[in-house]
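Inspection log for the structure reproduced underneath, given as structure tokens.
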Amino acid sequence: MSIVTRFAPSPTGYLHLGHAFAALTAWGRARATGGQFLLRIEDIDPARCRPEFAAAILEDLAWLGVDWDGPVRVQSAHLPAYRAALDTLAGRGLLYPCFCTRAAIAREVAGAAAAPQGPDGAPLYPGACRALSPAERVERIAAGTPYALRLDMARAVAEAGPLHFHEIDAGQVLCIPERFGDVVLGRKDAPASYHLCVTHDDAVQGVTLVTRGEDLRPATDLHRLLQALLGWPAPAYAHHRLVRDPSGRRLAKRDGDVSLRALRAAATTPAEVRTRAGWVRPDRVT
Ligand code: GLU
């Protein structure tokens, strides 16, 4: 069966060599196997995403020689679908509204004897709003207090049971979604979270192989949990190495000196970019 894979950048800046490597890795595998390569713009964060960066992504990929199959999916055009997924989870008692501000959470964590950390190094949500009564929730929502929607992780894990994901070249990997704690799935400042939208879209787009950087490997545990809870298929995963600068630091969008735009302006050719990114065209992938 041929693969369906994808590149799913967020338009928060210009693409750099790391993105070039990610896009080429997914595209090269699809093209070498007669599979499909999809492009998705993950622009649900209105504070960080800009339309001009989305336009630049399409242009830079075309310049690099990366072509995609079918229409580009733009997440901001599908907000009702993410809302529906949140409603499904809420209807099963797996989400709760959290009215805590960042400052309130920081205070609570500072006063706690132990403060376990999530995969990103931030402390896990200590759970104050999990204990609110239904009446208190209704009252605060009616009063217009802003809230996020958090996953009740203990319930979710109990419902889903033990889970694994399949990493190509490595096999089955045990998922430990608990390390995210009661993660936010519906944000106060954005319609939904990255975790919900990416998992939803990989499912509705029929992605069979999620290709992305190894920095997102821990998130896969949570995505697998959402797939199980929502009855979505489990794709395989290919987490690839990250491109680093000579000092070993991973590239970031703020480093304009390695943006594809800047390289292009300096007369670098697409072939040179592919080499600098360390990408090798696969002859044949089975
Ligand atoms: N949109 C995410 C990013 O730009 C990547 C999503 C993914 O590949 O799962 O970091």
Q.
Quick check on this structure: which one of ALA148, ALA156, ALA160, ALA122 is closer than 28 Å to ILE41 by Cα and touching a Pro at 6+ places or on another chain (Cβ under 9 Å)?
A. ALA148
Q | Of all residues making up the range 82-117, the number that are surrounded by 15 or more Cβ atoms within 10 Å (Cβ to Cβ) and either touching a Lys or Arg at 6+ places or on another chain (Cβ under 7 Å) or among the hydrophobic types (A, V, I, L, M, F, W, C) (or both) | A | 13
Q) Would a scan of the range 205-216 turn up a residue that is within 12 Å of the ligand (Cβ to nearest atom), over 10 Å from the mean Cα position of the chain (by Cα) and of a type in the set (Gly, Ala, Ser)? A) yes
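Residues are listed down the side, and each one gets a yes or a no for (1) more than 15 Å from the chain's Cα centre (by Cα); (2) away from the ligand (no atom under 12 Å from the Cβ); (3) in a loop (DSSP other than H, G, I, E, B); (4) in contact (Cβ under 8 Å) with a residue 40 or more places away in the chain:
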residue: THR5; (1), (2), (3), (4): no, no, no, yes
residue: THR25; (1), (2), (3), (4): yes, no, no, yes
residue: ARG48; (1), (2), (3), (4): no, no, yes, no
residue: LEU58; (1), (2), (3), (4): yes, yes, no, no
Q | The listed residue being closer than 19 Å to CYS100 by Cβ, in a helix (DSSP H, G or I) and in contact (Cβ under 8 Å) with a residue 12 or more places away in the chain, out of CYS129, CYS197 | A | CYS129
Q | Where a residue in the range 155-179 is in contact (Cβ under 8 Å) with a residue 24 or more places away in the chain and its partner, wherever it lies, is assigned to a strand (DSSP E or B) and polar (S, T, N, Q), with Cβ under 9 Å and at least six apart | A | HIS164/GLN172; PHE165/GLN172; HIS166/GLN172; ARG179/GLN117
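Here, each number is a calculation from the coordinates, and none is a lab measurement. These numbers come from a predicted model, not from an experiment. Positions of Cβ are generated from backbone atoms using ideal geometry, with glycine treated the same way; all protein chains shown enter the neighbour counts.
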